[in-house]
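Student: Before anything else, here's the structure in question.
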Amino acid sequence: MTALYELSGELMETLADIQSRLEDGEEVAESEIEQALQLNQDFENKALNIAKFVKNLQSDAEQLAVENKKRQAKQRAIENLADKLKGYLLDEMQATGKTKIGDRVFSVKVQANSVYSIAVENPTALPAEYQVIKVEADKKALLEAFKKAECNENFMHGVAINKGSHLRLG
């Protein structure tokens, strides 16, 4: 089984040889043209088979993603139920004034947290020394400015804007 890169190299080499000989006014045998056509066909078949395999892999990945979402949803439901039951138990133990319950195998204790919890209703109302300012790039505005700029090379120091390419299978 020949690899795609080998087919590609052989095809390019054969076509370059044929083109060079034609440019030099030399004749090209029909068998050489047939060989180039066969190499081209082999390359296209190999490329299509790879694309089909990629499509199958993508389908498998999508199925796994769906299964993972279901598992994650079930995991979250179980974790939420456990948290809800822990809160319920804590509330009822505190309501009855109990701080410890147990037997020989298992015990439950009410214990103070080691870390304080802070909830702030309106962070903008706090003095500046208690605020943290987060700076982010406005990528949409940068792209619009890039598109409007006459000279796109070295658009802005520290900003790289690239437009890649991808395969579309189907």
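Student: For V105 and Q58 in one chain, what is 0.36 nm times their gap in residues minus the Cα-Cα distance, to one decimal in nm?
Tutor: 12.0 nm is the gain from fully extending V105 to Q58.
Student: Still on this structure, I have one more. By the gyration tensor of its Cα atoms, with a ≥ b ≥ c the square roots of the eigenvalues, what is the shape of segment 25-170: rounded for a/c under 1.5, prolate for a/b over b/c, or oblate?
Tutor: Because a/c hits 1.5 or more and a/b fails to exceed b/c, segment 25-170 counts as oblate.
Student: Could you report the accessible area of T124 in Å², rounded to 10, computed with a 1.4 Å probe on the protein chains as they sit in the structure?
Tutor: Counting only protein heavy atoms, T124 exposes about 110 Å² to solvent.
Student: Not counting ligands, DNA or RNA, and with a 1.4 Å probe, what is E44's accessible surface area in Å² rounded to the nearest 10?
Tutor: Roughly 90 Å² of E44 is accessible to a 1.4 Å probe.
Student: In segment 125-149, whose amide N lies under 18 Å from the spot 7 Å out along Cα-to-Cβ of M156? List them in ranges.
Tutor: Taking a point 7 Å out along Cα→Cβ of M156, the residues of segment 125-149 whose backbone N falls under 18 Å are 134-149.
Student: Might you tell me the accessible area per residue for the chain, computed with a 1.4 Å probe and given in Å²?
Tutor: Roughly 94 Å² per residue, with all protein chains present.
Student: Can you tally the net charge around E10? Count Lys and Arg as +1, Asp and Glu as -1, for every other residue whose Cβ sits under 11 Å from the Cβ of E10.
Tutor: Net charge around E10: -4.
Student: In percent, how large is the relative contact order of the chain, given Cα pairs closer than 8 Å and 6 or more residues apart? Could the numbers behind the result be given before it?
Tutor: Values: 43 pairs, mean separation 26.2, N = 170.
Computed value for the chain: 15 percent relative contact order.
Student: Any chance you could count the Lys pairs in segment 69-170 whose alpha carbons are under 26 Å apart, treating pairs 8 or more apart or on different chains as valid?
Tutor: 21
Student: Now, a different point. Hey, can you list the DSSP H helices of the chain whose Cα span along the axis is 30 Å or longer and whose average Kyte-Doolittle score is at least -1.0?
Tutor: Sorted by number, the helices that extend far enough and score high enough are 30-96.
Student: Quick one: among A149, A61, A47, which has the greatest mean-square fluctuation in a GNM of the chain with alpha-carbon springs under 10 angstrom?
Tutor: Of A149, A61, A47, the Gaussian network model singles out A149 as fluctuating most.
The values are calculated or read from the model by the stated rules, or taken from the named source; none is laboratory data. Since we're looking at a predicted model, the values are computed, not measured. Reconstructed Cβ throughout: ideal geometry from the backbone, glycine too, with neighbour counts over all protein chains shown. Surface accessibility is based on the protein's heavy atoms, side chains included, excluding ligands, DNA and RNA. Shrake-Rupley method; radii C 1.70, N 1.55, O 1.52, S 1.80 Å.
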